[in-house]
Ligand code: PEP
Ligand code: MG
């Protein structure tokens with residue numbers, strides 16, 4: 001293709017300046033944009049260049065062909081690096097080596113590939129040896145390069161190389177890599193190259209130019225590998241974004257004991273505490289730290305004391321470089337006004353910055369950091385509100401171990417991701433996924449995790465690894481997912497055949513229960529009791545700030561006094577859905593409900609109803625007392641009949657006996673009531689139309705209860721009587737007239753009146769499409785998006801679970817529409833109904849009470865459509881409050 005459609009393809013950085021900036025993340029990827037920014041801040045960044053994400057997109061649009069001019073551009077930029085560092089790519093006396101890394105717009109840890117030490121071959125390695133005066137280092141770098149390049153670019157299995165090395169060491173009684181001398185590495189390199197020749201039928205590429213393009217191809221190619229696709233799917237990252245490629249002069253952390261490499265966070269990513277946090281390895285290259293092959297040392301003395309690590313910290317072994325590094329931390333955090341995750345290398349005492357990015361953190365840390373930064377005056381309240389991912393608040397509401405529960409400690413690893421969880425032990429990601437799909441709770445136990453394990457980590461209740469530090473793959477990914485995780489439980493050994501693990505002389509077989517506490521790193525045998533969390537003062541502060549900036553109110557779906565109390569405690573501003581059929585699940589009550597349903601005539605039904613009325617009134621009295629002063633939407637009975645009909649002969653006999661009716665009569669009746677499609681059958685308002693006495697009883701019970709609570713407490717609720725599953729105006733008109741008649745009756749008997757509203761759910765497409773007419777009868781609409789999704793897609797709520805995951809895996813649906821609102825279809829109906837409803841009745845109150853009311857993305861849609869409130873389950877109320885504030889703030893910005 002011609003280069004005309006594409007802008008500048010390459011951005012250079014280094015030497016105290018850069019062509020790009022942080023704001024160019026879409027084009028340069030996160031890593032490239034931040035490298036450019038660090039270089040422009042005058043920080044010590046090895047020079048390099050970034051090939052833009054537009055090139056990646058063009059590459060895929062054009063049948064994996066690069067745009068014209070790219071090759072020339074890369075050559076020019078390589079010259080710039082050479083000039084900056086005074087070395088030459090491919091030179092046998094003074095060779096420049098580079099790293100090639102991917103860098104997508106959103107951080108994708110471990111998903112994309114990296115090649116280090118590129119440019120080495122049999123000749124240039126001699127130059128490196130002469131230049132560094134360290135032959136061992138040169139050949140160690142070369143073998144690392146051959147191994148990494150063969151793995152990432154040539155697609156060789158890395159264990160082939162590990163086997164070669166292990167055999168070589170075994171034969172010579174070597175124990176550590178440091179036992180290997182230059183001659184040993186030379187021999188290993190020859191064996192590696194032979195393995196490549198044998199496996200691929202072609203030699204390992206020795207031409208640096210070919211190596212460079214091979215690596216660039218591999219980075220772009222890896223954008224479409226399965227691991228990246230999985231990660232994108234799980235994190236909602238669009239395919240079109242593409243990745244950038246970063247080529248950068250190598251600096252070496254493996255040039256002896258004055259060299260090191262490490263990662264650091266400017267605040268603790270687990271707790272949010274304001275202290276530096278990090279790990280490093282002496283005489284190592286960057287990938288060694290993240291890979292978790294050696295156990296790293298702590299950055300600070302205090303950190304090492306906290307962890308009980310007896311190896312000295314960087315602060316202790318290289319105090320000057322440590323000081324320089326912490327100055328950089330201050331500068332970067334001040335510049336980005338957020339906690340940073342930093343990679344650095346020290347080459348013979350000189351500090352180099354390799355990466356900075358906004359650090360991933362637990363929900364607890366996110367909350368603390370947002371509140372602290374605001375109180376330190378670094379960000380304002382609105383920014384603080386946007387800094388916490390509402391979905392991650394779930395983590396704060398996660399259970400912890402009951403301090404009084406018996407515990408049988410097996411081992412202790414690193415506290416990688418908080419939350420307490422138990423499950424049966426499995427050893428592979430596939431098995432974790434399979435058992436989780438069958439509804440089992442599993443604990444994934446691995447030596448270490450890799451990107452291939454993501455699906456299993458997602459499926460597991462928790463993750464345990466034997467190897468790896470707090471920045472290992474398992475730790476970073478688990479934290480991001482909000483899974484409990486314990487890393488680096490070093491004394492844990494997994495049997496080769498995957499049947500069990502052993503630890504401290506004990507054996508735990510596959511399938512046995514274990515419990516982990518991701519906040520302490522402890523692993524216990526058996527299932528330990530957990531308790532619900534208490535929320536910190538920071539939580540209340542952030543919620544208060546969020547509430548200031550929210551437009552929509554947040555209600556809860558609740559029917560029991562306990563749920564209502566929980567919801568109020570979490571800040572619910574009313575009840576958006578009280579499902580009255582849920583008030584009848586109790587054994588005694590369900591008997592009366594069954595009697596009511598099975599009765600053949602009104603007399604029988606009224607007899608059953610008279611049993612239910614006192615329960616119902618008492619329930620409402622309790623509920624209204626909890627919710628005093630707030631609106632409560634009570635939905636009239638909507639029982640899909642199959643959920644309520646008795647199933648066995650015994651159950652039928654029991655109901656018949658309670659009703660004083662022949663069993664045979666009810667048997668016949670149960671058969672007659674059986675429906676082929678109960679979800680589309682005799683439910684919702686259809687039941688109210690056929691059996692008026694049911695809704696009459698409910699309205700009477702709720703209005704009487706409301707009057708009594710108002711009388712007793714002087715503080716009334718505002719009942720909003722909601723009719724379910726309406727599809728025509730006539731249905732609602734009929735029922736509304738009956739509701740009002742009961743209202744008059746109750747108020748006359750009580751000698752007082754009370755404000756109440758009559759409205760409807762919008763949960764059928766016909767209701768949405770005729771909302772203008774329905775609004776003539778309705779004082780409010782509440783979108784029942786569970787049924788609306790079911791009926792819009794023609795997709796059974798009860799059966800879709802067996803095939804919807806496949807749809808999502810195959811990308812046919814982006815997300816499960818029962819979890820996140822389908823904006824194009826269901827959302828369109830919501831929009832139409834809102835507009836039509838408000839065209840008839842200005843200021844018509846609009847809310848949502850389907851499960852989507854607690855989903856941040858769906859809440860954002862509700863804000864766009866102009867709903868007045870969202871309603872969700874009690875534990876999601878804080879999530880909804882924060883999400884509602886964030887989307888209101890996003891709207892302000894537009
Ligand atoms: C709905 O359909 O969205 C709804 C809230 O009602 P239910 O889930 O009880 O059918
Ligand atoms: Mg419904």
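Here are some notes:
- Note on the stretch 166-275: Rg/Rh from Cα positions, Kirkwood definition for Rh, rounded to two decimals, is 1.07.
- Ordering of 130-136, 623-629, 672-678 by packing is 623-629, 130-136, 672-678, highest average first (other Cβ atoms within 10 Å, averaged per residue).
- Only beta bridges with both residues in the chain are counted; by DSSP, about 60 percent of them are antiparallel.
- On Cα atoms only, tilt of 729-750 relative to the major axis of the chain in degrees: 60
- Using bins of 5 Å that start at zero, the share of Cα-Cα pairs per bin across the stretch 691-771 amounts to 3, 14, 25, 22, 15, 11, 7, 3, 1, in whole %.
- Relative frequency of Cα-Cα separations exceeding 25 Å in the stretch 733-846, percent: 39
- Shown for the stretch 10-249 is the translational diffusion coefficient from the Stokes-Einstein equation, using the Kirkwood radius over Cα pairs, a temperature of 25 °C and a viscosity of 0.890 mPa s: 131 µm²/s.
- Principal-axis analysis of the Cα atoms of the chain puts helix 828-840 at an angle of about 40° to the longest axis.
- For q = 0.10, 0.12, 0.15, 0.23 Å⁻¹, Debye-computed log10 I/I(0) when each Cα of the stretch 464-584 counts as one equal scatterer: -0.57, -0.73, -0.87, -1.31
- Length added when fully stretched, residue 622-residue 441, from 0.36 nm per residue minus Cα-Cα: 61.6 nm
- For the stretch 594-721, alpha-carbon Rg over 2.2 N^0.38 Å: 1.20
- √(5λ) per eigenvalue of the Cα gyration tensor, the stretch 338-432, largest first, Å: 32, 24, 14
- The angle separating the long axis of helix 663-673 from the principal Cα axis of greatest extent in the chain is about 60 degrees.
- Linear extension gain, residue 808 paired with residue 131, 0.36 nm per residue minus alpha-carbon span: 238.3 nm
- Projected label points at residue 83 and residue 166, each 7 Å from Cα along the beta carbon direction, are separated by 5.0 nanometres.
- Global form of the stretch 516-584, assessed from the alpha-carbon gyration tensor, a/c cut-off 1.5: oblate
- Going from the fewest other Cβ atoms within 10 Å to the most, the residues 185, 241 appear in the order 241, 185.
- Fewest-first sequence of 544, 581 by Cβ atoms within 10 Å of each Cβ: 544, 581
- Per-q log10 I(q)/I(0), the chain, q = 0.08 Å⁻¹ (Debye; single scatterer per alpha-carbon; no solvent): -0.83
- Residue order, fewest to most beta carbons within 10 Å, for 192, 168, 322: 168, 322, 192
- Over the chain, dividing the summed -39,500 (n - 2.57) contributions of all DSSP H runs of at least 4 residues by the number of residues returns a 222 nm mean residue ellipticity of -14000 deg cm²/dmol.
- With Cα atoms as the point set, the radius of gyration and Dmax of the stretch 399-531 evaluate to 12.8, 38 Å.
No lab work stands behind these numbers, since they all come straight from the coordinates. The structure presented is a predicted model; accordingly, all values stated were derived computationally and were not measured. Cβ coordinates were reconstructed from backbone atoms using ideal geometry, including for glycine residues, and neighbour counts include every protein chain displayed.
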